[in-house]
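Notes follow the structure.
The values are calculated or read from the model by the stated rules, or taken from the named source; none is laboratory data. Quick caveat, the model's predicted, so the values are computed rather than measured. Glycine also receives a Cβ, built like all others from the backbone with ideal geometry; neighbour counts cover every protein chain displayed.
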Amino acid sequence: MSTIDGKKITSALIEVANVIEANKDHLCALDSEVGDGDHGVSMTIGMRTARKALRELLSPTPAAAFQAVSDAYADEVGAASGVLYETAFAAAAKVAAGKMALDTVADWAGIYAAMGDEMQRIGKAELGDKTLLDAWLPAAQAMHEAASVGASLPTALKGATAAAWEGVEKTRNLVPKRGRAARLGERARGHQDAGATSAWLIIKTLEAALV
């Protein structure tokens, strides 16, 4: 496995942007079932701007790559997902500050945990509230557990992706407690959460692009 330096992380995040844009219509369709139907558009706006900024980084460090995504969401996305990912990627940048590479499970466990904690702090949501945290928090927990048992990074990232998808599937039977979807109450049960789905796409793409 090659070193996961700033250049590789930049490339991975560009691929994340590509995947989110490729799934724009799917994310909007999921969101239209219980929300405004614009989640895919909002995420794509942020990721397009992030992709442009990432491509302009000359000698990227891991922290600079994460901060570029944070800044893109801060500048371009006014939806709820904007502030969540702005602060999440800024938290990732803080964890990565001063590091030239993120090669260990502990590195990525720290990244996933910091991002999840910040999104939880900003969004005031909990696991089971039918939000993106239903994918992100299980992924972060899986990474933490992998680090504690000395798993390899590919195994840890694969486990995080699986945990995130399990969380996505659980959202179908949950009643939303945050955002506009909360007003639907029981009528929202049976629908997969768009935010959790986009979070899983990010986690899945990082797994594929990093190792």
Seminar exercise, completed: For W136, the lone unmet condition from (1) closer than 23 Å to R48 by Cα; (2) more than 15 Å from the chain's Cα centre (by Cα) is (2)
Exercise. Of all residues in the stretch 125-156, which are β-branched (V, I, T) and within 14 Å of G195 (Cα to Cα)?
Worked result: T131
Problem set entry | V211, sole failed condition from (1) modelled with pLDDT of 90 or more; (2) within 19 Å of D107 (Cα to Cα) | (1)
Problem set entry | the stretch 147-185, subset aliphatic (A, V, I, L, M) and at pLDDT below 95, residue nearest to L102 (Cα to Cα) | L174
Problem set entry | Of all residues in the stretch 117-160 being touching an Asp or Glu at 6+ places or on another chain (Cβ under 8 Å) and among the polar types (S, T, N, Q), the one that is farthest from L27 (Cα to Cα) | Q120
Exercise. Just a yes or no: is a residue in the stretch 31-47 closer than 21 Å to R172 by Cα, at pLDDT below 95, over 17 Å from the mean Cα position of the chain (by Cα) and in a helix (DSSP H, G or I)?
Worked result: yes
For this session: Out of the residues in the stretch 127-170 that are in contact (Cβ under 8 Å) with a residue 24 or more places away in the chain and charged (D, E, K, R), state the one that is surrounded by the fewest Cβ atoms within 10 Å (Cβ to Cβ).
Result: E166
Exercise. Could you count how many residues in the stretch 67-85 are of a type outside the set (S, T, N, Q) and either under 15 Å from D5 (Cα atoms) or surrounded by 22 or more Cβ atoms within 10 Å (Cβ to Cβ) (or both)?
Worked result: 7
For this session: Residues being free of Cβ contacts under 8 Å to residues at least 40 places away in the same chain and surrounded by 18 or more Cβ atoms within 10 Å (Cβ to Cβ): count how many of those fall in the stretch 42-62.
Result: 8
Exercise. Can K130 be described as in contact with a helix residue (DSSP H, G or I) (Cβ under 6 Å, 6 or more places away or on another chain) and among the basic types (K, R)?
Worked result: yes
